[in-house]
Structure formats: structure tokens, C-alpha cells
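**Student:** Encoded as C-alpha cells, here's the structure I'll be asking about.
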Amino acid sequence: MSQPPPPNLAASAQPSARTTWETIHASLHEAIVRHRIDPGAKLVEDEIAGHFGVSRTIVRAALQALAREGVVEIRRNRGASVARPSPDEARGIFEARALVEPHLVRLAAARITGADVAALEACLLREHAALRDDRPQEAVHRSAEFHRIIAGIAGHEVLERILADLLSRSSLVVALYWRRPETLCESVAHHDLVAALERRDGARAAASMEAHLAALLDGLDFREPAPPRFSLAEALSSTAAP
């Protein structure tokens, strides 16, 4: 069956006073971390402005914010593109997570409530559903959400913000180098973490997190990255698959 043509960006433009740089930032960030825009893809200001019906100035502000977060690169005379981490950068991102997340999960173990456990279990159910429905990108997104919830429970705002940036950059690493689905959305690893947290066993939770992150890094293949799947138009369109 032939695929429908990509949506026309000009036709989809809907000028609105409510469309701010924050709106565009959120849309682009969502498309990037959900792997609808591939690492290295060009982010053309005119194309994005036409899609949202706004000025290039507003688009530029959104791109600059994404660049500060490390998920977009802006180069003089070359414009903006989604960041494309090298193998060394990819390893560095996961090594940084291995420094931050065991400490966060220890803090979370001391603060966790029954409602927090329920939130983590609900996230796991969404992750399992995505895997069952053969939606690996959504499963990876839910896996990152699981880690964000733990960081929120920990109550350390500075480390939580650092981890949020690392998780966004991890999404680029996954899009480029992920070849082993079973290592990225490991049900056993996440269930072990929930069990340790529920028992308020910080040492066990930290050890589980360290092992989990090591498995994630080991599951990446630093050979030739996979080819792009979506155009920018498709990625920003509401018809793009999650």
C-alpha cells in the first residue's frame, strides 16, 4: 500500500497569538525525544515558521533554548540541526547518568509514598502496553518517564533538572545507536527498582540502578546509525505516528 504524501507545511500553518516560542520549543522537543525527528536532521527556520504560522524570530528563540539543553546544534552559516552525539559523547551521557541516578534513587527510597509507588507502577503498565503493541519508540519514551518520576520523588531539584537534560540527550543516543530493544525497556530492571523503592531499601535501589544503566549502555551499537524515518513535516504533523 502506498504511503500518503507528507502534509503541506504551508497549508498547516495556523497563525495564533497564543503560539509562543515555548509552544514551538515543546513541540520540537516532543518530536525529538519521541524519535520523530532524527539526530542530524536540519531544522529549517522558514519551514518551522510556516508550519506554526509565526515569525522566524519566535522559531529562533525556541531553537536557541533547545540548543542550551543540548538537543539542538546551531552553527554559524549552517543553521540548526538536531544534535548527533558521537560514540564518545554517547558514552559520556550514560556515564553522567550513572553518577546522578543512583544517588537520586537513594533519595527517592527515603521519601517514597504509596502514591509514588502507584505512579511508577502505572508508568510500567504504559511501557508494557507500548511493547505489547509493537511501539518501541513509545516504550522508550515511557522508560524515560519512569526515570523522571524517580527523580521527582527524590526531591533534589538541581539533580532533577540535570537528569532531565541527560534523558533528553539520551533519547538522541537511543535513536542513533539502539539495536537491542530488550536492554532499553527491561521490565525486570524497572520492577526490581520499584520493589526496592517500595521497601525503602536505598542501597538495593542504587545497585539496581547502576546495573540497569550499565545494561543500557552495553545495549547500544556504535556502528553505522539507522537511516531517518520521518521528514520534518511528518514529525511536526499531528498525523505522525508516536
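The values are calculated or read from the model by the stated rules, or taken from the named source; none is laboratory data. Remember, it's a predicted structure, so these values are computed and weren't measured experimentally. In this analysis, Cβ positions are derived from the backbone assuming ideal geometry, glycine residues included, and neighbour counts consider all displayed protein chains. Accessible surface areas use protein heavy atoms only, side chains included; no ligands, DNA or RNA. Shrake-Rupley method; radii C 1.70, N 1.55, O 1.52, S 1.80 Å.
**Student:** Rounded to the nearest whole Å², what accessible area per residue is found for the range 57-112 with the 1.4 Å probe?
**Tutor:** 52 Å²
**Student:** OK, next. Ranked highest first by average number of other Cβ atoms within 10 Å, how do 199-210, 74-85 line up?
**Tutor:** Ranked by mean Cβ neighbours within 10 Å, highest first: 199-210, 74-85.
**Student:** Something else: Please say if the range 87-219 is rounded, prolate or oblate, where rounded means a/c under 1.5 for a ≥ b ≥ c the square roots of the C-alpha gyration tensor eigenvalues, and otherwise the choice is prolate for a/b larger than b/c and oblate otherwise?
**Tutor:** Here the range 87-219 falls in the oblate category.
**Student:** Taking 0.36 nm per residue of separation and subtracting the Cα-Cα distance, what length does fully extending GLU22 through GLU47 add?
**Tutor:** 7.3 nm
**Student:** Any idea what the dipole of the range 21-84 comes to, in debye rounded to 20, about its Cα centre with Lys/Arg Cβ at +1 and Asp/Glu Cβ at -1?
**Tutor:** Roughly 260 debye, rounded to the nearest 20.
**Student:** Run the simple label-point estimate for ALA164 and ARG199 please: 7 Å along Cα→C-beta, distance reported in nm.
**Tutor:** Label-label distance for ALA164 and ARG199, simple model: 3.3 nm.
**Student:** If you roll a 1.4 Å probe over the range 87-219 with all protein chains in place, what percent of the accessible area is carbon or sulfur?
**Tutor:** For the range 87-219, the apolar C and S fraction of the accessible surface comes to 53 percent.
**Student:** For the ranges 130-137, 147-154, what's the packing order if you count other beta-carbon atoms within 10 Å of each residue, average per peptide, and put the highest first?
**Tutor:** 147-154, 130-137
**Student:** Calculate the spin-label point distance for SER86 paired with ALA115, positioning each point 7 Å from the Cα along the beta-carbon direction, and give it in nanometres.
**Tutor:** That separation, rounded to one decimal, is 4.7 nm.
**Student:** While we're on this one: Which ³J(HN,Hα) values in Hz, rounded to whole numbers, follow from the phi angles of the range 123-132 under the Karplus curve 6.51 cos²θ - 1.76 cosθ + 1.60, where θ = phi - 60° and Gly and Pro get x?
**Tutor:** 5, 4, 4, 5, 5, 4, 4, 5, 5, 4
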